[in-house]
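The values are calculated or read from the model by the stated rules, or taken from the named source; none is laboratory data. Keep in mind the model is a prediction, meaning the values are calculated, not measured. Because the Cβ atoms are built from the backbone with ideal geometry, glycine has one as well, and the counts that use them run over all protein chains shown. We work out accessible area using only protein heavy atoms, side chains counted, and drop any ligands, DNA or RNA first. Shrake-Rupley method; radii C 1.70, N 1.55, O 1.52, S 1.80 Å.
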Amino acid sequence: MRKRTLGFVALGAAASLFLSACGGSATGGDSDAEGGFDLGSTEVVNPSETTGGTLKYAIAGDFDSTDPANTYYAFNWNFSRYYARTLLAFNPEPGEAATDLIPDMAVDLPEANDDFTEWTVKIKEGLKYEDGSEITSEDIKYGIARSNFNGGTFAEGPQYFSAHLDQDDHNVYEGSDPLAGFDSIETPDDHTLVFHLKDSFSEFPNVLTQPQTAPVPVDADRGELYQEHVVSSGPYKFDGDYEPGVKLNLERNEHWDPDTDPVRSALPDRIEVEIGVNQDEIDERLVNGEIDVDLTGTGVGPSMKSRLLDDDSIQDNLDNPFTGALRYVNIHLPIIEDVACRQAIMYAADRDSMWRAWGGAEGGDIATNLLPPAIPGSDPESDLYSSTDGKGDLEAAEAKLEECGEEDGFKTNIAVRAEREEDVQTAEALQQSLARVGIEVEVKSFPAADFFGQYAGSQDYVRENNIGLSVSGWGPDWPTGYGFASKITHGDAIMETGNFNTSELDDPEINGLWDEALLTEDPDERALIYGQIDTLVMENAAILPVVFDKALIYRSDELTNAYYQPAYMMYDFMTLGVDRGE
């Protein structure tokens with residue numbers, strides 16, 4: 001069997017597209033080599049090799065989980081790399097190569113067979129956990145198995161492995177041997193993994209960047225309680241236990257070998273995270289220098305945003321990148337079953353008011369389609385529900401309401417994450433615009449950490465509480481149509497809890513196109529398929545796009561090595577340090 005090693009240069013090109021799509025800044029100023037507004041979008045700001053100090057984070061909500069098996073928030077994928085190494089990683093530098101794949105624990109990029117159904121990865125020798133014991137291929141296999149084959153123990157993480165591995169039903173928490181019968185990943189020796197897939201999947205190496213490939217010692221696994229103290233494979237380990245809703249502190253892991261790690265500079269001596277801090281307080285403390293980074297990575301809140309943009313003296317401390325994410329409203333098909341009723345919402349929505357609620361020009365561009373402009377296959381000119389000045393087509397909306405038998409309108413609820421002020425304001429703007437055609441919407445707020453696990457992503461809760469809409473945001477797991485949208489629009493991604501296909505869209509034609517894309521080797525042909533899916537999702541009125549968003553991020557003069565990493569849609573946490581001049 002002849003093997004092929006893929007270079008994945010297409011991903012580097014996608015990174016270039018992300019950065020070129022970010023062209024043009026807000027009104028704050030111009031970027032140049034000496035400093036300037038939005039410099040961190042394309043360059044490392046305040047480069048330094050200074051070590052030591054404490055890097056201080058804060059977050060308004062909480063981690064969905066510190067367990068690498070059970071997380072899907074981008075900030076957590078970024079942060080967890082402090083203590084959880086992965087097989088592959090994204091290139092730690094700004095610019096066109098930012099989303100190129102590089103080895104992390106792996107020796108090199110994976111090798112594929114001719115039809116992309118088998119992938120072989122070699123891992124480095126001498127990698128160690130925080131207790132000095134060696135990391136083996138069996139530990140990585142177990143980490144992957146427990147993340148996707150756990151009998152429902154974990155609800156938050158993606159399910160790429162369960163969807164694509166050629167594996168019968170399995171539950172690592174049943175029986176005396178957790179890996180007995182788990183043969184879709186072979187470990188012929190302590191430093192080799194061979195992945196066997198059901199079907200061709202040319203984009204599979206991107207999955208190996210995800211935290212679910214972090215090694216886990218079988219004897220250390222405590223199921224849901226493992227998140228209290230994850231065994232470190234990275235440069236930092238837990239200092240005490242993670243206290244949900246309170247704090248997480250990290251200290252240096254003396255058994256981490258920097259010579260094996262091309263991703264993490266590990267400059268600070270200590271990492272501290274305060275949890276449950278009000279967003280306005282976080283913003284004030286950022287500007288005052290009391291904390292260094294907002295862990296969510298999405299930028300300052302609306303009130304601070306206007307203050308910073310109006311202060312000429314602070315423009316060199318601001319970045320305003322396009323994130324590569326879409327902010328949108330899910331329309332829940334089990335609650336609003338008739339497509340004409342859903343299309344009425346699409347027509348009645350005042351896109352201009354929602355755009356302003358998200359922050360106007362500094363918040364992003366109005367979105368009228370699913371795929372962000374940097375994703376091959378996107379057509380940003382597509383607008384199936386167009387209206388004058390984006391204010392909504394009320395006549396078309398009323399006609400659709402009559403078509404679905406709700407000519408007087410109907411009532412439903414819209415779920416939002418309480419800590420995300422832009423989400424709340426977007427919901428309120430939509431609430432006002434839908435009221436113009438008799439659709440009455442009540443805004444319901446829920447904690448971000450449990451939003452998908454217990455509320456908007458819980459099938460039972462949605463049905464019992466008439467959650468017809470929910471405000472969400474999504475960025476690419478990797479920068480292709482499949483990496484961006486498969487988990488929010490493929491019927492196979494629907495889960496009882498921890499559901500990110502929150503609309504519960506399960507359209508046979510869309511599902512078939514996703515499956516066809518997996519079998520298509522040519523990226524240009526795949527892009528055409530992704531464009532078809534985009535149109536069909538809009539026709540189904542399952543997702544109401546709001547903005548292709550931008551973040552306004554404040555960085556202090558004490559924060560070193562800051563640059564925007566489009567793979568995580570925020571600063572690359574692994575390069576950050578602090579230099580307080582002490």
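Between residues in region 388-417 that are closer than 28 Å to F451 by Cβ and residues that are basic (K, R) and surrounded by 18 or more Cβ atoms within 10 Å (Cβ to Cβ), which pairs lie under 6 Å by C-beta distance while being six or more apart or on different chains?
That search, which allows pairs on different chains as well, returns G390/R351; N413/K444; A415/K444.
Of all the residues that make up region 483-497, how many are within 21 Å of T209 (Cα to Cα), out of contact with any strand residue (DSSP E or B) (no Cβ under 6 Å at 6 or more places or on another chain) and open to solvent by less than 10 Å² (accessible area, probe 1.4 Å)? Working first, answer last.
Step one: list which residues in region 483-497 are within 21 Å of T209 (Cα to Cα), which gives 483-488, 493.
Remaining after also requiring out of contact with any strand residue (DSSP E or B) (no Cβ under 6 Å at 6 or more places or on another chain): 483-487, 493.
From what is left, the residues that are open to solvent by less than 10 Å² (accessible area, probe 1.4 Å) are 483-486.
Residues flagged as within 21 Å of T209 (Cα to Cα), out of contact with any strand residue (DSSP E or B) (no Cβ under 6 Å at 6 or more places or on another chain) and open to solvent by less than 10 Å² (accessible area, probe 1.4 Å) within region 483-497 amount to 4.
Of all the helices (runs of 4 or more DSSP H) wholly in region 308-415, which have at least 1 residues that are polar (S, T, N, Q)? Break it down stepwise before answering.
Working: elements: 339-348, 351-357, 394-403.
Passing ranges, in order: 339-348, 351-357.
Quick check on Y73: is it over 24 Å from L179 (Cα atoms) and not charged (D, E, K, R)?
Yes; evaluated as a whole, the condition is true for this residue.
Please find, within region 269-291, the residue that is most open to solvent (accessible area, probe 1.4 Å) out of those that are more than 17 Å from R81 (Cα to Cα) and among the hydrophobic types (A, V, I, L, M, F, W, C). Spell out the reasoning first.
At the first step, the residues of region 269-291 found to be more than 17 Å from R81 (Cα to Cα) are 274-291.
Then drop every residue that is not among the hydrophobic types (A, V, I, L, M, F, W, C), which leaves 275, 277, 282, 286-287, 291.
Details: I275: 15, V277: 14, I282: 1, L286: 10, V287: 44, I291: 3 Å².
Step by step, filter region 269-291, then rank; the result is V287.
So S433 ticks every box in (1) closer than 21 Å to Y73 by Cα; (2) more than 24 Å from the chain's Cα centre (by Cα); (3) of a type outside the set (A, V, I, L, M, F, W, C) but one. Which box is left unticked?
Checking S433 against (1) closer than 21 Å to Y73 by Cα; (2) more than 24 Å from the chain's Cα centre (by Cα); (3) of a type outside the set (A, V, I, L, M, F, W, C), the one that fails is (1).
Does T502 fit the bill of being in contact with a strand residue (DSSP E or B) (Cβ under 9 Å, 6 or more places away or on another chain) and at pLDDT 95 or above? Talk me through it step by step, then tell me what you get.
Values: in contact with a strand residue (DSSP E or B) (Cβ under 9 Å, 6 or more places away or on another chain): yes; at pLDDT 95 or above: yes.
It is true that T502 is in contact with a strand residue (DSSP E or B) (Cβ under 9 Å, 6 or more places away or on another chain) and at pLDDT 95 or above.
Give region 328-361 a look and list any residue that's within 18 Å of G473 (Cβ to Cβ), touching a strand residue (DSSP E or B) at 6+ places or on another chain (Cβ under 7 Å) and open to solvent by less than 30 Å² (accessible area, probe 1.4 Å), or say none.
Within region 328-361, Y328, V329, N330, I331, H332, A349, R351, M354, W358 meet the criteria.
Which of the residues that make up region 514-523 are of a type outside the set (A, V, I, L, M, F, W, C), open to solvent by 30 Å² or more (accessible area, probe 1.4 Å) and under 13 Å from S202 (Cβ atoms)? Don't jump to the end; show me each part of the working.
If we filter region 514-523 for residues that are of a type outside the set (A, V, I, L, M, F, W, C), which is where we start, we get 515-516, 520-523.
Cutting the leftovers down to open to solvent by 30 Å² or more (accessible area, probe 1.4 Å) gives us 515-516, 521-523.
Result: E516, E521, D522, P523.
Could you tell me whether any residue of region 456-479 is over 21 Å from R342 (Cβ atoms) and aromatic (F, W, Y)? First the steps, then the outcome.
Applying the first criterion (over 21 Å from R342 (Cβ atoms)) to region 456-479 yields 460, 475-479.
Subset that is aromatic (F, W, Y): 478.
Checked against the condition, which is being over 21 Å from R342 (Cβ atoms) and aromatic (F, W, Y), region 456-479 yields at least one hit.
Quick check on region 189-212: of everything there that is within 14 Å of N113 (Cα to Cα) and of a type in the set (D, E), which residue is most open to solvent (accessible area, probe 1.4 Å)?
Selected residue: D199.
Looking only at region 44-74, count how many residues are open to solvent by 10 Å² or more (accessible area, probe 1.4 Å), within 26 Å of G157 (Cβ to Cβ) and in contact with a strand residue (DSSP E or B) (Cβ under 8 Å, 6 or more places away or on another chain).
3
Within the bounds of region 23-34, is there any residue that is surrounded by fewer than 21 Cβ atoms within 10 Å (Cβ to Cβ), touching a helix residue (DSSP H, G or I) at 6+ places or on another chain (Cβ under 8 Å), of a type in the set (S, T, Y) and at pLDDT below 95?
Taking every residue of region 23-34 in turn, at least one turns out to be surrounded by fewer than 21 Cβ atoms within 10 Å (Cβ to Cβ), touching a helix residue (DSSP H, G or I) at 6+ places or on another chain (Cβ under 8 Å), of a type in the set (S, T, Y) and at pLDDT below 95.
Given the options V416, V437, V424, V443, name the one that is buried (at least 22 other Cβ atoms within 10 Å of the Cβ), hydrophobic (A, V, I, L, M, F, W, C) and under 14 Å from S470 (Cα atoms). Break it down into steps so the answer makes sense when it comes.
Numbers: V437 fails: under 14 Å from S470 (Cα atoms); V424 fails: buried (at least 22 other Cβ atoms within 10 Å of the Cβ); V443 fails: buried (at least 22 other Cβ atoms within 10 Å of the Cβ).
Checking each option against the conditions leaves just V416.
Go through region 317-348 residue by residue and tally those that are at pLDDT 95 or above and over 18 Å from the mean Cα position of the chain (by Cα). So that I can check it myself, show each step before the final result.
Start the filter on region 317-348 by keeping residues that are at pLDDT 95 or above, which leaves 317-319, 326-348.
Cutting the leftovers down to over 18 Å from the mean Cα position of the chain (by Cα) gives us 317-319, 331-348.
Number of matching residues: 21.
Give just the number: which of (1) of a type outside the set (A, V, I, L, M); (2) at pLDDT 95 or above; (3) buried (at least 22 other Cβ atoms within 10 Å of the Cβ) does S41 not satisfy?
(2)
Any residue that is outside any loop (DSSP other than H, G, I, E, B) and either in contact (Cβ under 8 Å) with a residue 24 or more places away in the chain or out of contact with any Asp or Glu (no Cβ under 8 Å at 6 or more places or on another chain) (or both) - is there at least one of those in region 172-183?
no
One residue is enough: does region 423-432 have a residue meeting the conditions among the charged types (D, E, K, R) and under 21 Å from T502 (Cα atoms)? Spell out how you get there, then give the answer.
In the first step, residues of region 423-432 are kept if they are among the charged types (D, E, K, R); the result is 423, 428.
Checking the rest, the ones that are also under 21 Å from T502 (Cα atoms) come to 423, 428.
Taking every residue of region 423-432 in turn, at least one turns out to be among the charged types (D, E, K, R) and under 21 Å from T502 (Cα atoms).
Confirm whether D352 is over 26 Å from the mean Cα position of the chain (by Cα) and charged (D, E, K, R). Let's see the steps before the verdict.
Numbers: over 26 Å from the mean Cα position of the chain (by Cα): no; charged (D, E, K, R): yes.
No.
Please go through region 146-188 and pick out each residue that is charged (D, E, K, R) and surrounded by fewer than 19 Cβ atoms within 10 Å (Cβ to Cβ). Show your work before the answer.
Step one: list which residues in region 146-188 are charged (D, E, K, R), which gives 146, 156, 166, 168-169, 174, 177, 183, 186.
Matches in region 146-188: D166, D168, D169, E174, D177, D183, E186.
Going through region 530-555 one residue at a time, which ones are among the small types (G, A, S), open to solvent by less than 10 Å² (accessible area, probe 1.4 Å) and over 17 Å from the mean Cα position of the chain (by Cα)? It would help to see each step written out before you state the result.
First, pick out the residues of region 530-555 that are among the small types (G, A, S): 531, 541-542, 551.
Next, from what is left, pick out any that are open to solvent by less than 10 Å² (accessible area, probe 1.4 Å): 541-542, 551.
If the condition is that a residue be among the small types (G, A, S), open to solvent by less than 10 Å² (accessible area, probe 1.4 Å) and over 17 Å from the mean Cα position of the chain (by Cα), then A541, A542 are the ones that fit.
Give region 244-268 a look and list any residue that's under 14 Å from T51 (Cβ atoms), of a type in the set (K, R) and either open to solvent by less than 20 Å² (accessible area, probe 1.4 Å) or under 23 Å from the mean Cα position of the chain (by Cα) (or both), or say none.
Across region 244-268, the qualifying residue is only R264.
What number goes with the only condition from (1) out of contact with any strand residue (DSSP E or B) (no Cβ under 6 Å at 6 or more places or on another chain); (2) open to solvent by less than 40 Å² (accessible area, probe 1.4 Å); (3) not in a helix (DSSP H, G or I) that E125 does not pass?
(2)
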